[in-house]
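Rule-based calculations on the coordinates, nothing more; no lab input. In this text, all values refer to a predicted model and were calculated from it rather than measured experimentally. Here the Cβ positions follow ideal geometry from the backbone for every residue, glycine too, while neighbour counts run over all protein chains shown.
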Amino acid sequence: MSTLVEQLNDAAADRIARVHASLVQISNGRGAGAGTIWHSDGLIVTNAHVIRGCHHLSATLPDGRKLAAQVIAADDSLDLAALSVEATDLPTIAIGDSRGLKPGQWVMAVGHPWGVTGAVTAGVVIGTGDNLPEVNQMQPGREWIALNLHMRPGHSGGPLIDSAGRLVGINTMITGPDVGFAIPVHIVKAFLKDRLGTPVTASVL
């Protein structure tokens with residue numbers, strides 16, 4: 001009979017496998033960041049800083065295909081970008097509730113730190129909202145998810161997921177060895193709707 005810890009480990013591994021199916025690597029000619037497949041028709045979400053100043057972008061899909069990527073929307077003030085690749089029937093990520101996040105809640109950040117494809121780091125939510133002192137001085141009024149986990153370069157643009165494997169944020173920056181920040185997914189939804197008129201649809205876990 002498996003132990004509770006083994007059951008939890010198996011469940012977490014299964015959810016990460018589903019997330020990996022919608023995780024892409026964005027190459028910008030200088031390095032690489034991560035992105036998340038939002039729509040099955042080739043719409044990918046990442047950070048604006050991952051693609052800033054780059055004219056030849058590509059996205060490597062989980063199945064190994066490397067496709068040219070076009071920027072269809074970007075907002076430096078939000079650090080969000082939407083890319084398009086010519087592909088269909090791509091696996092998408094399930095969308096979670098960033099407004100429901102609470103301090104102490106378990107989350108995981110997925111990306112490609114230092115070139116390690118699909119690496120996962122885990123921790124807890126420190127806080128959420130638009131009044132977090134550490135970043136409010138730099139960018140007042142913006143909503144963030146503050147995280148106590150070990151993100152590194154290459155996590156940028158990748159998914160922050162909750163314990164059910166649902167997307168709750170886009171990994172964005174680190175401010176200390178174990179302090180990171182993500183853009184809440186409800187901000188991503190608003191960005192896509194405003195810039196693309198994209199309906200918010202998602203797969204269901």
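Contact order for the chain, expressed relative to its length and based on alpha carbon pairs under 8 Å spaced 6+ residues apart, stands at 20 percent. With the simple spin-label model, which puts each label point 7 Å out from Cα in the Cβ direction, the Glu143 to Arg195 separation comes to 1.7 nm.
Of the residues Val5, Gln105, Pro133, the one whose Cα sits farthest toward the positive end of the charge dipole of the chain, with +1 on the Cβ of Lys and Arg and -1 on the Cβ of Asp and Glu, is Pro133. Counting neighbouring beta carbons within 10 Å and listing from fewest to most, the residues Trp106, Trp114, Trp144 come out as Trp114, Trp106, Trp144. Among Gly53, Ile72, Val116, whose Cα sits farthest toward the positive end of the charge dipole of the chain (+1 at Cβ of Lys/Arg, -1 at Cβ of Asp/Glu, about the Cα centre)? Of Gly53, Ile72, Val116, it is Gly53. Phi angles of region 170-175 translate, via the Karplus equation with coefficients 6.51, -1.76, 1.60 and θ = phi - 60°, into HN-Hα couplings of 10, 4, 10, 7, 10, 10 Hz per residue; Gly and Pro are given as x. Kirkwood radius and radius of gyration were both taken over the C-alpha atoms of the chain, and their ratio Rg/Rh is 0.95. Among Ser22, Ser58, Ser163, Ser156, a tally of other beta-carbon atoms within 10 Å of each Cβ gives an order, fewest to most, of Ser163, Ser58, Ser22, Ser156. Of all DSSP-defined beta bridges confined to the chain, some 95% are antiparallel rather than parallel. Taking Cα centre as origin and charging only the Cβ of basic (Lys, Arg, +1) and acidic (Asp, Glu, -1) residues, the dipole magnitude of region 15-92 rounds to 280 debye. Residue exposure proxy: Glu86, Glu143, ordered by other Cβ atoms within 10 angstrom of their Cβ from fewest to most, comes out as Glu86, Glu143. For the pair Thr117 and Asp178, label points projected 7 Å from Cα toward Cβ lie 3.1 nm apart.
Taking a ≥ b ≥ c as the square roots of the eigenvalues of the Cα gyration tensor, region 15-92 is prolate, since a/c reaches 1.5 or more and a/b is larger than b/c.
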